[in-house]
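Visitor: Below: one structure in structure tokens.
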Amino acid sequence: MKLVVQVRLRPTPEQAAALEATLRACNDAANFASATAFTTGDRREYALRKHTYREVRARGLGAQAAQHVIKKVADAYTTLKANIRAGNLGSEGSRRRARAESKPIVFRAGAAQPFDDRCLSWDHTAHTVSIWTAAGRLRNVAFVGSADQLKALALYRKGESDLVCRDGMWFLYATCEIPDVPVTEPGAFIGVDLGIANIATTSDGARHCGKGLNAVRHRNRELRRRLQVKATRSAKRLLKKRRRKEARFAADTNHRIAKRIVTEAERTGRGIALEDLGGIRDRVRLRKPQRVTLHSWSFHQLGSFIVYKAAQRGVAVIHIDPAYTSQTCSACGHVDKANRPGQATFSCTSCGFAEHADVNAARNIASRGVTGWAVSHAADDAA
Ligand SMILES: [Zn+2]
């Protein structure tokens with residue numbers, strides 16, 4: 001399994017200045033190469049290198065950096081072409097597409113730049129990197145990451161890493177090839193119900209609420225409303241920064257929730273049953289004020305974090321159809337809309353079973369996981 005690990009660099013002010021100058025030089029050179037690719041029409045790496053290599057080197061980039069810059073530009077045009085072909089920028093003649101095709105691709109000053117092992121080396125004991133810069137080799141640049149990330153890096157990092165500057169922070173994105181861990185046959189399943197007030201509720205009754213996250217979202221929504229009135233450049237920049245910060249906070253919350261759920265499943269020898277999120281937008285019908293707090297991408301992100309953390313530990317994951325899980329009694333199986341008198345309460349009209357609504361749903365998800373696993377593995381055995 002391929003996993004991209006992100007670590008944050010903690011450069012000294014002098015180191016940060018050198019990194020900034022380097023990334024700027026690389027992206028200036030990339031913009032030069034991009035303009036050349038655009039005017040000449042030569043967008044393949046080899047042809048582009050013939051046109052631009054000398055000039056890119058003359059801008060103070062080393063041989064490796066120059067090659068990476070040119071490849072990055074060629075790759076960007078390949079991606080653009082693929083996006084256009086896939087219709088991601090609208091159909092032929094659409095404004096978005098026309099705009100993308102009418103001018104060279106532009107790289108911002110802090111845009112990602114790949115570094116290979118000759119330009120970047122990692123010290124996993126000292127938690128530092130040594131990195132090529134336009135001003136020479138920079139040694140002992142400190143980096144920080146979670147224990148899991150640092151372990152994956154030390155054991156499985158392979159190939160190039162991307163240096164990025166975002167909102168004044170420095171990051172390295174490194175690709176790790178995580179070996180497959182054989183899946184342990186689950187004795188039972190933990191069901192996970194995804195929601196708004198509680199981001200994730202398990203069939204064990206553990207509720208992972210997004211209180212902090214929802215508070216941040218509400219604050220940002222208010223701020224957005226005020227700033228959107230004055231659509232100045234600085235207001236836009238501030239909004240963008242806030243949005244990124246919110247996304248980072250959401251990702252961090254999702255990481256923590258996923259880790260807790262996977263650890264619990266591993267500890268108890270169980271698998272994890274997740275809702276198939278295909279129709280979450282349709283399924284979760286919400287009153288207006290809640291709609292803004294619902295970001296389906298955030299649910300998908302939590303799901304994907306659970307899937308990859310589970311894969312690393314050999315914990316089985318199954319996706320189930322969540323239809324009626326919120327209206328079905330997890331004790332007797334009775335399905336009735338009236339079983340759910342309120343947002344948080346479940347009370348069976350047939351057998352009288354009462355439980356928190358999310359916990360009841362999670363229990364249904366868990367039992368569907370058991371059935372689903374048995375069915376899919378019966379098929380395996382027959383094959
Ligand atoms: Zn019942």
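Visitor: Could you say whether any residue in the range 344-351 is closer than 30 Å to D252 by Cα, away from the ligand (no atom under 16 Å from the Cβ) and touching a Ser or Thr at 6+ places or on another chain (Cβ under 6 Å)?
Guide: No, the range 344-351 contains no residue that is closer than 30 Å to D252 by Cα, away from the ligand (no atom under 16 Å from the Cβ) and touching a Ser or Thr at 6+ places or on another chain (Cβ under 6 Å).
Visitor: Please specify each residue of the range 240-256 satisfying the condition of being open to solvent by less than 70 Å² (accessible area, probe 1.4 Å) and of a type outside the set (D, E, K, R).
Guide: Correct list: A247, A250, A251, T253, N254, H255.
Visitor: Moving on. Taking R49 and the conditions (1) among the charged types (D, E, K, R); (2) in contact with a helix residue (DSSP H, G or I) (Cβ under 6 Å, 6 or more places away or on another chain); (3) not in a helix (DSSP H, G or I), which numbered condition does it fall short on, given that it satisfies the others?
Guide: For R49, the failing item is (3).
Visitor: Of the residues R225, R221, R237, which is assigned to a helix (DSSP H, G or I) and surrounded by 13 or more Cβ atoms within 10 Å (Cβ to Cβ)?
Guide: R221
Visitor: Considering only residues that are acidic (D, E) and in contact with an Asp or Glu (Cβ under 9 Å, 6 or more places away or on another chain), look in the range 70-122 and name the one that is nearest to T36 (Cα to Cα).
Guide: Within the range 70-122, the first condition is being acidic (D, E), and the residues that meet it are 75, 92, 101, 116-117.
Filter again for in contact with an Asp or Glu (Cβ under 9 Å, 6 or more places away or on another chain), leaving 75, 116-117.
Working: D75: 14, D116: 25, D117: 28 Å.
Step by step, filter the range 70-122, then rank; the result is D75.
Visitor: What are the pairs with Cβ atoms under 7 angstrom where one residue, in the range 192-203, is small (G, A, S) and the other, located anywhere, is in a strand (DSSP E or B) and open to solvent by less than 10 Å² (accessible area, probe 1.4 Å)? Sequence gap at least six, or different chains.
Guide: G195/T201; A200/V192; S203/I190; S203/G191
Visitor: Quick one: in the range 352-379, which of the residues that are within 16 Å of the ligand (Cβ to nearest atom), within 30 Å of the chain's Cα centre (by Cα) and open to solvent by 50 Å² or more (accessible area, probe 1.4 Å) is nearest to V317 (Cα to Cα)?
Guide: Among residues in the range 352-379 that are within 16 Å of the ligand (Cβ to nearest atom), within 30 Å of the chain's Cα centre (by Cα) and open to solvent by 50 Å² or more (accessible area, probe 1.4 Å), the one nearest to V317 (Cα to Cα) is S367.
Visitor: Give the number of residues within the range 134-193 that are under 30 Å from T325 (Cα atoms) and polar (S, T, N, Q).
Guide: Qualifying residue count for the region: 1.
Visitor: Give the number of residues within the range 312-345 that are at pLDDT below 90 and in a helix (DSSP H, G or I).
Guide: Total satisfying the criteria: 1.
Visitor: Can I ask one more? Give the range 346-371 a look and list any residue that's of a type in the set (G, A, S) and touching a residue at least 60 places away in the same chain (Cβ under 8 Å), or say none.
Guide: Answer for the range 346-371, where residues must be of a type in the set (G, A, S) and touching a residue at least 60 places away in the same chain (Cβ under 8 Å): A361, A362, A366, S367, G369.
Visitor: Is it fair to say L213 is surrounded by fewer than 16 Cβ atoms within 10 Å (Cβ to Cβ), in contact with a helix residue (DSSP H, G or I) (Cβ under 8 Å, 6 or more places away or on another chain) and more than 30 Å from T371 (Cα to Cα)? Spell out how you get there, then give the answer.
Guide: Values: surrounded by fewer than 16 Cβ atoms within 10 Å (Cβ to Cβ): no; in contact with a helix residue (DSSP H, G or I) (Cβ under 8 Å, 6 or more places away or on another chain): yes; more than 30 Å from T371 (Cα to Cα): yes.
No; evaluated as a whole, the condition is false for this residue.
Visitor: Among the residues of the range 176-193 satisfying the criterion of being assigned to a strand (DSSP E or B) and touching a Phe, Trp or Tyr at 6+ places or on another chain (Cβ under 9 Å), which is farthest from V129 (Cα to Cα)?
Guide: Per the stated criteria, the residue is F189.
Visitor: Would you call A63 small (G, A, S), under 29 Å from the mean Cα position of the chain (by Cα) and open to solvent by less than 60 Å² (accessible area, probe 1.4 Å)?
Guide: Spelling it out, it is not the case that A63 is small (G, A, S), under 29 Å from the mean Cα position of the chain (by Cα) and open to solvent by less than 60 Å² (accessible area, probe 1.4 Å).
Visitor: Here's something else I'd like to know. Do you know which residues across the range 2-27 are open to solvent by less than 80 Å² (accessible area, probe 1.4 Å) and either hydroxyl-bearing (S, T, Y) or within 13 Å of A109 (Cβ to Cβ) (or both)?
Guide: Matches in the range 2-27: T12, L19, A21, T22, L23, A25, C26, N27.
Visitor: Output the number of the condition that F189 fails; it satisfies all remaining conditions of (1) over 28 Å from K241 (Cβ atoms); (2) of a type outside the set (S, T, Y); (3) free of Cβ contacts under 8 Å to residues at least 24 places away in the same chain.
Guide: The failed condition is (3).
The values are calculated or read from the model by the stated rules, or taken from the named source; none is laboratory data. Not measured: the values here are computed from a predicted model. Reconstructed Cβ throughout: ideal geometry from the backbone, glycine too, with neighbour counts over all protein chains shown. In case anyone asks, the SASA skips ligands and DNA or RNA and just uses the protein heavy atoms, side chains included. Shrake-Rupley method; radii C 1.70, N 1.55, O 1.52, S 1.80 Å.
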